[in-house]
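Structure first, commentary second.
Just so it is clear, none of the values below were taken in a lab; they were calculated from the coordinates. Fair warning: this is a prediction, and the values are worked out from it, not measured in the lab. Cβ: placed from backbone, ideal geometry, glycine included. Neighbour counts: every protein chain shown.
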Amino acid sequence: MHNLLKGKRGIIFGALDPNSIAWKVAQRCHQEGAAFTLTNAPVAMRLGAINDLAKECNAQVIPADATLMPDLENLFSKSMEVLGGKIDFVLHSIGMSPNVRKNKPYTDIDYDFYHKTLDISAMSLHKTLQTAMKLDAMNEWGSVVALTYIAAQRVFPDYNDMADAKSVLESITRSFGYHYGKAKKVRVNTISQSPTKTTAGSGVKGFDGFFNYAEMMSPLGNASAEACANYCVSLFSDLTKMVTMQNLFHDGGFSFTGVSREVMEKFSS
């Protein structure tokens, strides 16, 4: 390890279980010398094993519903208290669609569910950034990374209203990234990750098909959760201080491949 994050303080959202990208990010940040708090919604914490990760990383768990401003204010205030100073990095790894969970087709969604999808999966990033800015909780040259998916740009029929949420998430990244950069030199980026076998990702209809198709299309294959964690570490580090407002594809080349020989062979007689 290289101590890329030595002396840095962070907050990591969304570590549910060892399959979570956020879980891998926490482990890598710990290995690189960072101190951080872990957070998730109370209901998710009951379902997961976040306390095991906290013990491994010597991190305190602070429950927070990222859709509730008082919870976020408490999270940032307590994190600064626990860690002994302002925050250097934040991972936003939050996404959930009641419409996907209830198998509602995109052309017949429940709009109350739709609002929840957008609030949990996209507006929560704006609320997180707004809270951090109002509390002056981030150090200059701090870094915020949110996880997204290429369905924000291209149609994946079964990704449903999560595609809309990811589009909003990426727009918030650009817009808030501008304002936060001007005000405090805080960087805000998204990583558009390959299909990854996480608990949340595997819940999407047709996920195995997504995963196998992307594997065949990508010249480097699908990027693993561990590889994504390494990329997050690089974005939290001082090596990427001038990178902001970007949607960064981390997908083995999938996003810029028109077709691969392996896929074409499937259609050849």
Point to revise | Burial order of peptide ranges 83-94, 155-166 (average beta-carbon count within 10 Å, highest first) | key: 83-94, 155-166
Point to revise | Coarse-grained scattering of the chain at q = 0.14, 0.15 Å⁻¹, given as base-10 log I(q)/I(0) from a Debye sum over alpha-carbon atoms | key: -0.95, -1.09
Review point. How high is the relative contact order of the stretch 9-265, in percent, with contacts defined as C-alpha pairs under 8 Å that are six or more residues apart?
Key: 19
Study note, to complete from the structure: Going from the fewest other Cβ atoms within 10 Å to the most, one would list ASP52, ASP108, ASP17 as ASP108, ASP52, ASP17
Point to revise | Straight-distance crosslink candidates among aspartates and glutamates, where the alpha carbon sits under 19 Å from LYS24 and sequence neighbours closer than 8 are dropped | key: GLU32, ASP52, GLU56, ASP88, GLU226, ASP251
**Study point:** the stretch 99-153 versus the stretch 213-248: alpha-carbon centroid distance in Å
**Key:** 19
Review point. To the nearest Å, what is the center-to-center distance of the stretch 156-210 and the stretch 45-85, using C-alpha atoms only?
Key: 22
Check your understanding: Taking neighbour counts of Cβ atoms within 10 Å as a proxy for exposure, in what order, fewest first, do TRP23, TRP141 appear?
Key -> TRP141, TRP23
Check your understanding: In the structure shown, do any of LYS166/LYS197; LYS55/LYS182; LYS8/LYS78 have a Cα-Cα gap over 26 Å, and if so which?
Key -> LYS55/LYS182
Review point. Using only Cα atoms, what is the ratio of the radius of gyration of the stretch 124-238 to 2.2 N^0.38 Å?
Key: 1.17
Exercise for review: Could you line up THR107, THR117 from fewest to most neighbouring Cβ atoms inside 10 Å?
Suggested key: THR107, THR117
Exercise for review: Sum -39500 (n - 2.57) across every DSSP H segment of at least 4 residues in the chain, then divide by the residue count to get the 222 nm mean residue ellipticity, nearest 500.
Suggested key: -12500 deg cm²/dmol
Practice item. List the relative contact order of the stretch 128-188 as a percent without decimals, with contacts defined as Cα pairs under 8 Å and 6+ residues apart. Key: 44
Revision key, fill the gap. Interchain or sequence-distant (5+) residues whose placed amide H lies within less than 5 Å of the amide H of THR148 are ILE191, SER192, GLN193
